[in-house]
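Chemist: Please find one structure pasted underneath; my questions will follow.
The values are calculated or read from the model by the stated rules, or taken from the named source; none is laboratory data. This one's a predicted model, so the numbers in the text were calculated from it and none came from an experiment. Every residue, glycine as well, gets a Cβ built from its backbone with ideal geometry; the counts of neighbours run over all protein chains shown. Just the protein is used for accessible areas: all its heavy atoms, side chains included, with ligands, DNA and RNA removed. Shrake-Rupley method; radii C 1.70, N 1.55, O 1.52, S 1.80 Å.
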Amino acid sequence: MTDVFGDLVGQDEAVAMLRRAAASAAAQLRAPVTATAGGHDDLDALADEYDGDPGPAPADPGAGMTHAWIFTGPPGSGRSVAARAFAAALECVHGTGCGSCPGCHTTLTGTHADVRLVVPEGLSIGVNEMRALVLRAASAPSGGRWQLVIIEDADRLTEAAGNALLKAIEEPPPRTVFLLCAPSTHPDDISVTIRSRCRVVPLRQPPPAAVAEVLVRRDGIAPDVAEWAAAAAQGHVGRARRLARDPEARQRRDAVLAVPRRLTGVGAAFDAASALIEAAEAEAAASVVEIDEAERTALQTALGAGGTGRGAAGAMRGAAGQLKDLEKRQKSRATRAQRDALDRALVDLAGFYRDALIMALRAPVAPVHTDTASLASAGAQKWDAEGSLRRLEAVLECRAAIEANVKPRIAVEAMMLALWRG
Ligand SMILES: [Zn+2]
């Protein structure tokens, strides 16, 4: 029997923590404020405790419930899956996250009236979006349980948006709970003041065996394919599923893993850089084209076509502004999709040089890419551990440079040259 936490692969400790919190939250709904005054189960008492003391959050991730949470972990560890599962458990009519009641079901399908999900599409979440969200989240829950705000990629909050959120977390409405997702609690990812008011749920990179198991059990993928995909995806559940199911995703990965063989000179290095960038652009364009078109059509329909009456000129000016806003949002989403696609390619490439390194060191560790293991082994002989490590570092430096806003083409060209020179 699986409940809402069933999809959290290899996260037993986090799941135990969330189950305790959900039980505590349910108890709180049954016996409000007065019964638990002074206890950790009481949101108001907890908020009072924090007042004037922006110190660290409680070190003990105990049994209680609190009003702000951060789910951290590497990409693919299931941060947003965990946040949604916890949200479902809080809205569950049984208070457990049974997985089959209306509360669980509507939360998981994204239709629960009291659950708001922010999925940033651009490179950052803006202040207007956050203010509107905070305002709506302050109302009493219509379902009588909790108002929940889930923020995916909270590391992409702008500073102003972060401040708007902080204000809400500092003075939380009694029934509102914030669930943030971020790669880590490093100040680059989440401001120290926000972090200090949240309880952290650390997720780990699930082991390949656990990922393979879930692909077989839930997605009906053949065990040998599941094992290969889980290893190749390096613990990223969503990526593993795509590799196992989508032939185009496999082709793109093959093209990336062909890079080390193609680097035979300066010209070839630049060609490889162009190919990698263009592949990422094509993948990103394919991923956003449908939604872009649907949004444009919806907006045009909403605005109506033409109009001749009094005020039509003013309406047209407003329409032009809205179209411009939409184009801006879409452009920002396309950029983000390109960076994500490029980053996936770089992670695959890093996996190849990591394989060469562990082979050069004769480390008793399984390779990431079993299908290019012989090529990595040839690389290990040619480059030795030191040369393999330098190449791995070149790929990781490229990721870091793009993260720090270096133009992707420039960063990738520098990486290809470094890989070729060794
Ligand atoms: Zn339920």
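Chemist: Considering Cys98, Cys104, which residue is over 13 Å from Glu152 (Cβ atoms), within 10 Å of the ligand (Cβ to nearest atom) and not in a loop (DSSP other than H, G, I, E, B)?
Modeler: Cys104
Chemist: Can you tell me which of Ala298, Ala275, Ala285 is modelled with pLDDT of 75 or more, under 30 Å from Leu357 (Cβ atoms) and part of a helix (DSSP H, G or I)?
Modeler: Details: Ala298 fails: under 30 Å from Leu357 (Cβ atoms); Ala285 fails: under 30 Å from Leu357 (Cβ atoms).
Matching residue, one of Ala298, Ala275, Ala285: Ala275.
Chemist: Within the bounds of the range 260-270, is there any residue that is of a type in the set (Phe, Trp, Tyr) and open to solvent by 70 Å² or more (accessible area, probe 1.4 Å)?
Modeler: Within the range 260-270, one or more residues are of a type in the set (Phe, Trp, Tyr) and open to solvent by 70 Å² or more (accessible area, probe 1.4 Å).
Chemist: Something else now. Mind telling me which of the residues Ser139, Ser77 ends up being among the polar types (S, T, N, Q), in a loop (DSSP other than H, G, I, E, B) and over 23 Å from Pro187 (Cα atoms)?
Modeler: Ser139
Chemist: Given Val177, Val134, Val149, Val200, which one is in a strand (DSSP E or B), open to solvent by 10 Å² or more (accessible area, probe 1.4 Å) and hydrophobic (A, V, I, L, M, F, W, C)?
Modeler: None of the other options fit; the residue is Val200.
Chemist: Then there's this: Please pick out the residue among Ile190, Ile194 that is out of contact with any His (no Cβ under 7 Å at 6 or more places or on another chain) and part of a loop (DSSP other than H, G, I, E, B).
Modeler: Step by step, each of Ile190, Ile194 is checked, and only Ile190 is out of contact with any His (no Cβ under 7 Å at 6 or more places or on another chain) and part of a loop (DSSP other than H, G, I, E, B).
Chemist: I've got another one for you. What is the number of the single condition among (1) open to solvent by less than 10 Å² (accessible area, probe 1.4 Å); (2) within 16 Å of the ligand (Cβ to nearest atom); (3) touching a Gly at 6+ places or on another chain (Cβ under 9 Å) that Ala161 does not meet?
Modeler: (2) is the only condition that Ala161 fails.
Chemist: Scan the range 71-95 for residues that are open to solvent by 30 Å² or more (accessible area, probe 1.4 Å) and within 16 Å of the ligand (Cβ to nearest atom) and report the count.
Modeler: 3
Chemist: Could you check the range 243-259 and list, in sequence order, the residues that are in contact (Cβ under 8 Å) with a residue 24 or more places away in the chain and surrounded by fewer than 17 Cβ atoms within 10 Å (Cβ to Cβ)? Walk me through how you get there before you give the answer.
Modeler: Taking the range 243-259 first, the residues in contact (Cβ under 8 Å) with a residue 24 or more places away in the chain are 244-245, 252-253, 255-257, 259.
Listed by number, the residues that qualify are Arg245, Ala255.
Chemist: Of everything in the range 1-19, what is away from the ligand (no atom under 14 Å from the Cβ) and β-branched (Val, Ile, Thr)? Give them in sequence order.
Modeler: Matches in the range 1-19: Val9, Val15.
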